[in-house]
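What follows is a set of notes on a single structure, which appears directly below.
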Amino acid sequence: AAPAKQRIALEDKKIVHPVGKRLVELALKKQSNLIASADLITTEEIIDFANKVGEHIVALKLHSDIIQDFSDNLIVELKKVAREKEFLLFEDRKFGDIGNTQELQFKKSIYKISDWADLVTVHPIGGLESLKVFENTGVITIVEMSSKGTLTDDYYFTKAINVSEESGNVLGAVAQRQIPDNLLLFTPGVNISSTGDNKGQQYNTPELVFKNYHTDFMIVGRGIYKAADVKTAAKEYQTLGWISYLQSLND
Ligand code: 5BU
């Protein structure tokens, strides 16, 4: 489908959340709207990956609960790389409970997400007040998923966007379509050499998501971490993503 309207450039988006502002600043400085998903299960692999892709990304996305040897040391090391190579730490926790439980999961688990994550994902299914517990961490709501047969239909999407716009904690949303300009759009399900996997994931190209969805940040997992040369792959996605973004400004 053709884009409904002109896309807004990153620097012209009216983002008020400090973490959202920082992300935009990093994107413009590094000429990157790439978020790498480090879906790796050991500390060694994650640190190695972060060092290789760091200069090409604006954020490193983690699933802490898949890391077999998770420890505070991993976070100490990751923070060092993140500071050095200038990217944010993004925990894709997909919270989805009442506020009190989310608060315990966010602050009290062995992952101590509140101590280090710049960004977290949340299913806004618990409603507006459930989002308050994330305090100064940037919340990215999941308003639509990339997988085949997802239950995030138009009705859910609209309600989830309303909650996201009302909450001061939310800087953006994950979706596979255009969203209001006051939110940053994050799109996973991006791969240049595959159209999907055998577990329901569906892929689009960087060109498509920037042009048709007006994505602000693309999220790439296997396209990078499974590549024979992850640094080269990250650079390739960075370049293609940025070119696609710039082209989409002129559509
Ligand atoms: P992939 O290897 O590029 O398919 O990984 C995609 C990542 O994005 C993975 O960590 C997922 O958990 C995450 N993801 C997604 O693929 N689709 C969604 O709708 C959401 C998250 Br929300």
Would you please name the residue that is farthest from Glu135 (Cα to Cα), looking only at residues in region 1-29 that are surrounded by fewer than 14 Cβ atoms within 10 Å (Cβ to Cβ), basic (Lys, Arg) and at pLDDT below 95? Lys5
Considering Ile125, Ile98, Ile35, which residue is under 29 Å from Gly168 (Cα atoms), within 14 Å of the ligand (Cβ to nearest atom), modelled with pLDDT of 95 or more and more than 16 Å from the chain's Cα centre (by Cα)? Ile125
Tally the residues that are surrounded by 17 or more Cβ atoms within 10 Å (Cβ to Cβ), of a type in the set (S, T, N, Q) and within 11 Å of the ligand (Cβ to nearest atom), restricting the search to region 154-201. 4
Only one residue in Ser248, Ser193 is of a type in the set (Ser, Thr, Tyr) and in contact (Cβ under 8 Å) with a residue 60 or more places away in the chain, so which one is that? Ser248
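Okay, residues lined up against (1) within 15 Å of the ligand (Cβ to nearest atom); (2) more than 18 Å from Asp118 (Cβ to Cβ):
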site: Thr43; (1), (2): no, yes
site: Val53; (1), (2): yes, no
site: Ile57; (1), (2): yes, no
site: Lys61; (1), (2): yes, no
site: Asp69; (1), (2): no, yes
site: Val81; (1), (2): no, no
For region 202-228: of the residues being touching a Gly at 6+ places or on another chain (Cβ under 8 Å) and polar (S, T, N, Q), which is nearest to the ligand (Cβ to nearest atom)? Gln202
Go through (1) in a loop (DSSP other than H, G, I, E, B); (2) touching a Ser or Thr at 6+ places or on another chain (Cβ under 6 Å); (3) surrounded by fewer than 19 Cβ atoms within 10 Å (Cβ to Cβ); (4) in contact (Cβ under 8 Å) with a residue 40 or more places away in the chain for Lys94 and report which single condition fails. (1)
Please state which one of Leu60, Leu78 is assigned to a helix (DSSP H, G or I) and of a type outside the set (D, E, K, R). Leu78
Can you spot a residue in region 150-162 that is in contact with a helix residue (DSSP H, G or I) (Cβ under 6 Å, 6 or more places away or on another chain) and of a type outside the set (A, V, I, L, M, F, W, C)? no
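The values are calculated or read from the model by the stated rules, or taken from the named source; none is laboratory data. As the structure is a prediction and not an experimental result, all values here were calculated from the model. Neighbour counts run over all protein chains shown; Cβ positions are idealised from the backbone, glycine included.
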